Structure formats: C-alpha cells, structure tokens
Amino acid sequence: MTTAPHILFHRPTLWDSDIQCSTKVLARLFAGRGFDVSYLENPLDPIHLLRGKGYAQEWKKGPRIDKGVRILNLATPMPVRDVWPLNTRAASYLKYSLMMPSLQSRVMSEGRSAPDLIWTTVPGSVAALKKCFPQAQIVFHVVDYYPAFRGPAVVPLERQDYSLADAVYVIGTSLKTYLLNDLDVPASKVTVLGQGAELEIYQAETLIPDEMAHLPHPRAVWCGVLAKGDPGLFTALATELKARGGSLILIGPEAPWADDLARHMPDTIALLGSKAPVDLPRYLKAADLGVMLYDRGRQEVYRGQNPLKLYEYTAAGLPVLSTAHDEFETLNPPVAQIAQEEDVPVAVEAILADMDCQQVQVSAFALQHSWQAKVDTIMERFFPEILNQQQGKTA
C-alpha cells in the first residue's frame, strides 16, 4: 500500500512487446518519480483466443510489477473490433463493465486507492472508466488520427470520449486542428503534448555496432518502415552521399525500392534490417545525419504526422533532412526541408558545412522535447505541489 498519487495508464499495447509507445514510457517515468502507477493492457477477449496464443499467454502472466509499474491484464467476453456492432459505443462500454475480475477490484487490489488520474488512448474507453472511478480526473491522449486506421465508425466514440474527459492531449497541432474543427472540442480542453525521446538512453556510452564500424562518413540513417520512404528522394540522397564517399544506412523492414537501390549502389547503401528499440540508440549515435524522406505521393497521410523519428534523431545528436511536415511550423526543429531531388545536394552541403552550429540547435531541441520534460508539463497541471517539491530537491 502506498500514499503516493495513483495514475492508471491504459493502452492496447502489451507491456512486454518491443513497441515502446509513449504511454509505456510515461508510465515508467512517472513510476520513477515516485507515483503509484498501473498500466492496463488490452483485455483478453474471445476473438483473441481464435486468432492465436499471444494474448492468452500474456493474460496467463497475471498482474505483476515491472520497472515500478503494476501491469494489469484482464479478460472480457465482449470483443471490440472495427465492424458493426462491435464498433459501437455500447460494445465499448460492455467491454469494460464485463471485465473479469472487475476493473475496480483489479485496479484497487492490495490496498491501493482508486486512481487519482487516468490516462487513456483507447477510443470508447472514457465512459466506462468514468463510471468505475468517478473521482478520478481523466485525460484522453490522442496518439493517432483514428479514422485513418479504424474508419468513420470511430468518430462517435471520439466525440463521446473528448466530451467526457477532463482534458485532451494530442501529439501534434494537426490533430488539435482536427479536434477543434471537425469534432467541435473546445480549444480550452486541448493541449499539444507532442512527441519525445528518452535522453538518458541516448546519453549512455555505447559502442559502434559492428555492422556500421566499416562504413565511411558522412553516414546518413533512416530508421522505420522503408515502404513509407520516397524512392526518388532516397536515390538522390544516395547519389549525393556516393559522391562524398559516404554511406546511406537503412534500418527497418525491407521494401523493393530499397533493395533495388542497394543493388545499384552496393558500396553506398547498407541495408541493416529491423532493430529492437533497445538497440536503436547506438545505431543512430554512430551516424551523422538523420533522414525523414516520406513518400511524396502520400503526403496527405504523412504531412500531418509528428514523426517519432525527429525526436529519436535529435536525441542521438543528429541534424535532420526531411520532407515537409505541418508540425514544423510550430516546432521550428533543426531540420533541412526538401521537396525535390535537386534540393538534396544543397541541403546536405548546408548541414555538413556547419555541424557545430547544428549540434547546438539539435541539443537544445532534444532537451526541450525530452519525455522527462513532458512529465514535468503533465505534473505542472495535475500535481503541481509534487513537481515543486521535486524541482526544489534538484535545484
């Protein structure tokens, strides 16, 4: 039993998965600040059992403590999916109210108090969470443009969630615009939290990966799904790096255009495949330039995003070469933007010619957007006295 404030984080992502989503990061960091933290995974339902053993094996682990966070995994007979009638508000409410054991009993087990703050990212969750824990403040953290992934049926769930929540946080200004203009959420209710990176991970001493030790500088690196990249811009970048005697390092699931490029420029292109998140920092720190060249044919999808890459690259000390993103208008990041192939040589030259100045800007941006800074922002609103005490101790 603890007297510290209790925060319940809720996201479908399994705690033990390799995905290091923002909710898991925030849960760990709040636990590190002395809070009583619970993390509610997606509950096991009948469809999970039909699709494989993954969720069942996770459920069998039961509640446990990891990195100071109490992991909660329950079961429900009510599946929620993106087909009618499993995508309705009623289905979402039943998903939580029929959980076994009950959500209240599991969250408040071992003498714990009810949550003081609930932080959820799951459309359709707020009504049931509010019913279970009426005294808690509830924050909905909008981490995606949900209709793009779940279809228009998710919009009524969003409207209800954002109406019932005490506060709504979003990862970027494009999502804020969507909430204000399309869903009529009051501006006073919406806060842009942004993305972030854990600077502590990138500040640790690391060895250069063997796969990169022999690669010549300057080294440009992309990490992520290669199918999202723009083949023409990557070809132009590879050509420029080849002329400079450098390397283009591609980390992530393979894509046909990347395979073709590697065949044509084997001395310049290094296809390293996917890497576990825990290993990624040492690969990025061994590079000189981060790359965010998204497919120009799908800019309606990518332009409005706030890519996590930007924060990972800058945490690793890398200036960034990127296609345009709406978020840049308010973030003012250390980024050289390009739109056409002919922009590449000029942008690369501008970055490499003034690396000292670039490093100052990159470091300042990374510090401003660290996850610890985001925790401070959240505490300033919901737990100001505790924040003042902690800052007083570190002053």
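Listed values, structure above:
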read-out	value
Which numbered condition PRO156 misses (of (1) touching a residue at least 60 places away in the same chain (Cβ under 8 Å); (2) of a type outside the set (A, V, I, L, M, F, W, C); (3) under 24 Å from LEU284 (Cα atoms))	(3)
Identity of the residue in the stretch 348-382, in a helix (DSSP H, G or I) and polar (S, T, N, Q), that ends up nearest to ASP166 (Cα to Cα)	THR377
Pairs with Cβ under 6 Å, 6+ apart, first in the stretch 25-49 and touching a residue at least 12 places away in the same chain (Cβ under 8 Å) and farther than 23 Å from ALA91 by Cβ, second surrounded by 19 or more Cβ atoms within 10 Å (Cβ to Cβ) and of a type in the set (Lys, Arg)	SER38/ARG70
Any hit, the stretch 306-327, residues being aromatic (Phe, Trp, Tyr), farther than 30 Å from GLU240 by Cα and touching a helix residue (DSSP H, G or I) at 6+ places or on another chain (Cβ under 8 Å)	no
Matching entry among ASP354, ASP279 (being over 22 Å from LEU215 (Cβ atoms) and of a type in the set (Asp, Glu))	ASP354
Subset tally (residues that are in a loop (DSSP other than H, G, I, E, B) and among the small types (Gly, Ala, Ser)) for the stretch 115-131	2
Condition broken by ALA243, with the remaining ones in (1) of a type in the set (Gly, Ala, Ser); (2) crowded, with 18+ Cβ neighbours inside 10 Å; (3) modelled with pLDDT of 95 or more satisfied	(2)
Test: ASP376 is of a type outside the set (Gly, Ala, Ser), in the same structural domain as ASP36 (by TED's automatic domain parsing), under 20 Å from THR191 (Cα atoms) and surrounded by 12 or more Cβ atoms within 10 Å (Cβ to Cβ)	yes
Criterion: buried (at least 16 other Cβ atoms within 10 Å of the Cβ) and either assigned by TED's automatic domain parsing to the domain that holds PRO277 or within 29 Å of SER102 (Cα to Cα) (or both) - qualifying residue of GLN203, GLN160, GLN135	GLN160
Residue in the stretch 171-192 that is surrounded by the fewest Cβ atoms within 10 Å (Cβ to Cβ), counting only those that are among the hydroxyl-bearing types (Ser, Thr, Tyr) and more than 14 Å from PRO123 (Cβ to Cβ)	SER188
Filter result for ALA286 (of a type in the set (A, V, I, L, M) and surrounded by fewer than 19 Cβ atoms within 10 Å (Cβ to Cβ))	no
Hits in the stretch 142-201 - residues which are at positive phi and modelled with pLDDT of 95 or more	ASP184
Failed criterion for PRO345 (all others in (1) loosely packed, with under 13 Cβ neighbours inside 10 Å; (2) over 28 Å from the mean Cα position of the chain (by Cα) hold)	(1)
Selection from the stretch 26-47 of residues that are surrounded by 14 or more Cβ atoms within 10 Å (Cβ to Cβ), over 19 Å from GLN104 (Cα atoms) and over 24 Å from the mean Cα position of the chain (by Cα)	none
Test: residue in the stretch 362-370 that is out of contact with any helix residue (DSSP H, G or I) (no Cβ under 8 Å at 6 or more places or on another chain) and either under 17 Å from LEU241 (Cα atoms) or not polar (S, T, N, Q) (or both)	yes
Filter pass, ASN306 being loosely packed, with under 13 Cβ neighbours inside 10 Å and closer than 30 Å to HIS141 by Cα	no
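Listed here are the residues, each with its yes/no results for (1) touching a residue at least 12 places away in the same chain (Cβ under 8 Å); (2) under 20 Å from SER22 (Cβ atoms); (3) buried (at least 18 other Cβ atoms within 10 Å of the Cβ).
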{"position": "LEU98", "(1), (2), (3)": "yes, no, no"}
{"position": "LEU103", "(1), (2), (3)": "yes, no, yes"}
{"position": "ALA128", "(1), (2), (3)": "yes, no, yes"}
{"position": "HIS141", "(1), (2), (3)": "yes, yes, yes"}
{"position": "TYR169", "(1), (2), (3)": "yes, yes, yes"}
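Okay, residues lined up against (1) free of Cβ contacts under 8 Å to residues at least 40 places away in the same chain; (2) aromatic (Phe, Trp, Tyr):
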residue: ALA324; (1), (2): yes, no
residue: PRO333; (1), (2): yes, no
residue: GLN337; (1), (2): yes, no
residue: PHE365; (1), (2): no, yes
residue: ILE378; (1), (2): no, no
residue: PRO384; (1), (2): yes, no
residue: GLN389; (1), (2): yes, no
residue: GLY392; (1), (2): yes, no
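The values are calculated or read from the model by the stated rules, or taken from the named source; none is laboratory data. Everything numeric in this text was worked out from a predicted model, so none of it was measured. All Cβ positions, glycine included, derive from the backbone under ideal geometry; neighbour counts span all protein chains shown.
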